[in-house]
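Here's the structure, in structure tokens; my notes come after.
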Amino acid sequence: MNLDKRNLVALNVHPMETASLLENLKDSGCRITRTRRAVLDILSASRVLLSADDLRRALAARGLRVNKTTVYREFSFLKGRGIVHEIHFGDGTVRYRLCPDTHHHHVICMNCKRAEEVALEGDLRELEADIGQTKGFQILHHTLEFFGLCSDCRLAAGPPEPSGLPAADPADRVAAGTVRKEEGKDIS
């Protein structure tokens with residue numbers, strides 16, 4: 001993923017909030033290393049969800065060479081303190097985002113990986129209680145993410161197909177097995 005300037009814009013966490021996060025960590029006895037400070041700076045400035053590889057590249061661009069284990073250890077540390085959220089795209093790559101400490105959900109662009117918070121408190125709490133009661137289940141927590149295309153990516157993709165989804169690239173259909181390579185015929 002290219003972390004160019006249009007993606008490195010403060011979205012949810014103001015730099016003073018990053019400083020506040022660092023101060024809170026320090027006050028609770030946690031070490032504030034150059035790497036930890038840089039990780040929080042990068043996450044707070046990113047408009048997109050970052051994978052471990054994305055973060056490693058961003059750290060390297062700042063002159064910090066760290067291995068993948070260190071990056072995962074930082075994500076685990078920050079996740080355990082409720083500072084970052086882990087989001088699964090279903091593609092095998094886990095991505096992370098610095099998030100406020102309030103309960104919320106995300107709308108996530110599948111193309112550019114931009115994410116924005118969405119609060120769905122009222123009706124969702126009622127639904128969660130109803131599900132728990134109906135199923136005899138004590139719900140401890142839940143995750144809910146909405147995946148789609150942001151307005152910028154929809155505009156760049158052109159008009160949608162009648163299904164409302166973006167036009168499929170023929171190469172993707174070949175890879176998915178809905179087109180026979182040798183015949184070039186659609187089998188979907």
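The values are calculated or read from the model by the stated rules, or taken from the named source; none is laboratory data. Nothing here was measured: the structure is a model prediction, and the numbers come from that model. Cβ placement follows ideal geometry from the backbone for every residue including glycine, while neighbour counts extend to all protein chains displayed.
Across the stretch 123-154, the qualifying residues are those that are under 21 Å from LEU49 (Cβ atoms) and surrounded by fewer than 10 Cβ atoms within 10 Å (Cβ to Cβ), and the one among them that is modelled with the highest pLDDT is SER151. Anything in the stretch 42-63 that is buried (at least 17 other Cβ atoms within 10 Å of the Cβ), out of contact with any Cys (no Cβ under 8 Å at 6 or more places or on another chain) and of a type outside the set (Gly, Ala, Ser)? List them, or say none. Across the stretch 42-63, the qualifying residues are ILE42, LEU43, ARG47, LEU49, LEU50, ASP54, LEU55, ARG56, LEU59.
At pLDDT 95 or above and assigned by TED's automatic domain parsing to the domain that holds THR143: does that describe LEU25?
Working: at pLDDT 95 or above: no; assigned by TED's automatic domain parsing to the domain that holds THR143: yes.
So LEU25 fails the test.
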